[in-house]
Every structure is written in structure tokens, then in C-alpha cells.
1. Let me check I've understood the local charge: for F87, count other residues with C-beta under 13 angstrom from its C-beta, Lys and Arg +1, Asp and Glu -1. What total comes out?
2. Once the Cα atoms of helix 24-39 and of the chain are each reduced to a long axis, what angle between those two axes, in degrees from 0 to 90 to the nearest 10, is obtained?
3. Restricted to Cα positions, what overall size does the range 13-100 have along the principal axes? Three whole-Å values, descending.
4. Would you calculate, for the chain, the mean residue ellipticity at 222 nm contributed by helices, counting each DSSP H stretch of 4 or more residues as -39,500 (n - 2.57) and dividing by all residues, to the nearest 500?
5. If you take every residue apart from N53 with its C-beta less than 12 Å away from the C-beta of N53, what net charge results, scoring Lys and Arg +1 and Asp and Glu -1?
6. What is the chain's relative contact order, in percent, from Cα pairs under 8 angstrom and six or more apart in sequence?
7. For the range 13-100, with only Lys/Arg (+1) and Asp/Glu (-1) charged at the beta-carbon, what is the dipole magnitude about the Cα centre, in debye rounded to 20?
Amino acid sequence: MFRIARRFNSTYTRLKFFTKPDCMLCYEAKTVLESALKDVRPEMRDCISEVENIDITLPENKDWFASYRYDIPVLHVEREKFKKVVFMHKFDHEEIVEELDQEL
């Protein structure tokens, strides 16, 4: 499921993308995220897990719906022993690349 970090340290990055069906902002944000992932340095890209897509409208995600129903799209960038970074609404390509390209 998750790739193991090969360089710098053993910290890997988990990405959780919160979305819902028929959300144009979510579609645009996903396009920006996919593009940003391609621009992250390869050695840092190896530290990133696959993106977990979470549909907040599903019954099992009702807590996420309560938290994010007015804020999607949302991206969580999670790393062990580091504070979670959250991007919301309209994603900025350069900001995401900068965050994911950091050596920890």
C-alpha cells in the first residue's frame, strides 16, 4: 500500500484527498495535485504514498462530511512526528510542490 522512503530518512508522506461527486473545484484541485506530484523531485516522490481519495458523501465518512462539507476539496499531508498540513478549496501548484519537496 505505501512505498517505503528510500532516501534521507524513513519518514513517508501520506496524502488524503477529500472530495465529493460532481464537484468542479475537486476536479480542478485533483488536476493541480496530479501535476504537482509530477514536479516533485524523484527522490522525494519516493517518500510519498499513493493519494487516498475520500468521498465525504459516503455513510462511512459522515464525520469527514461534518468537518468538510463546506470546505472541499481538502488535502491532508501527513507525516510521522510532524504536524499535519492542510490545503483547502483552490489548490496552488507551487505551494503543493514546495510542501512535498521538503527534505525532512
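Any read-out appearing in this document is the output of simple, stated calculations on the displayed coordinates, not a laboratory observation. Predicted, not measured: the structure shown is a model, and the values here were computed from it. Here the Cβ is made from the backbone with ideal geometry for all residues, glycine too, and neighbour counts use every protein chain on show.
1. -4
2. Computed tilt is about 10 degrees.
3. Reported extents, whole Å, longest axis first: 37, 29, 18.
4. -9500 deg cm²/dmol
5. With Lys, Arg at +1 and Asp, Glu at -1, the net is -1.
6. RCO, the chain: 40 percent.
7. Dipole of the range 13-100, to the nearest 20 debye: 240 debye.
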